[in-house]
Amino acid sequence: MKTTRVRAGATECSSCKMQMEQETRIPTVHPIKLLALSYGLMPEIERSLQPQKKKLVVS
């Protein structure tokens, strides 16, 4: 995820979400939320797809 040009990642696993967001500014979202966004049911998800200002650092 560090060297890609994608806007966001998708995973249903919280452990994977944490690993995907670690050391990057690329947000991740649950696949069902992406479906809801595509059907216009959760427009607020669009905000969470913006790059994060701070990196998540887990030690």
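The values are calculated or read from the model by the stated rules, or taken from the named source; none is laboratory data. Keep in mind it's a predicted model, so treat the numbers as computed, not measured. Cβ atoms come from the backbone with ideal geometry, glycine included; neighbour counts cover every protein chain shown.
The table below lists the values:
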| quantity | calculated |
| --- | --- |
| Residues located in segment 1-34, provided they are within 10 Å of the chain's Cα centre (by Cα), modelled with pLDDT of 90 or more and part of a loop (DSSP other than H, G, I, E, B) | 11, 30 |
| Failed item, numbered, when residue 48 is tested on (1) of a type outside the set (Lys, Arg); (2) at pLDDT below 85; (3) surrounded by 15 or more Cβ atoms within 10 Å (Cβ to Cβ); (4) in contact with a Pro (Cβ under 8 Å, 6 or more places away or on another chain) | (3) |
| Residue that is nearest to residue 53 (Cα to Cα) [pool: residues in segment 1-28 that are out of contact with any helix residue (DSSP H, G or I) (no Cβ under 6 Å at 6 or more places or on another chain) and aliphatic (A, V, I, L, M)] | 26 |
| Cβ pairs under 7 Å, 6+ apart, first in segment 14-31 and within 13 Å of residue 46 (Cα to Cα), second among the hydroxyl-bearing types (Ser, Thr, Tyr) | 27/48; 28/11; 29/48 |
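One line per residue, one yes/no per condition, for (1) at negative phi; (2) charged (D, E, K, R):
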residue: 19; (1), (2): yes, no
residue: 22; (1), (2): yes, no
residue: 26; (1), (2): yes, no
residue: 34; (1), (2): yes, no
residue: 40; (1), (2): no, no
residue: 46; (1), (2): yes, yes
residue: 50; (1), (2): yes, no
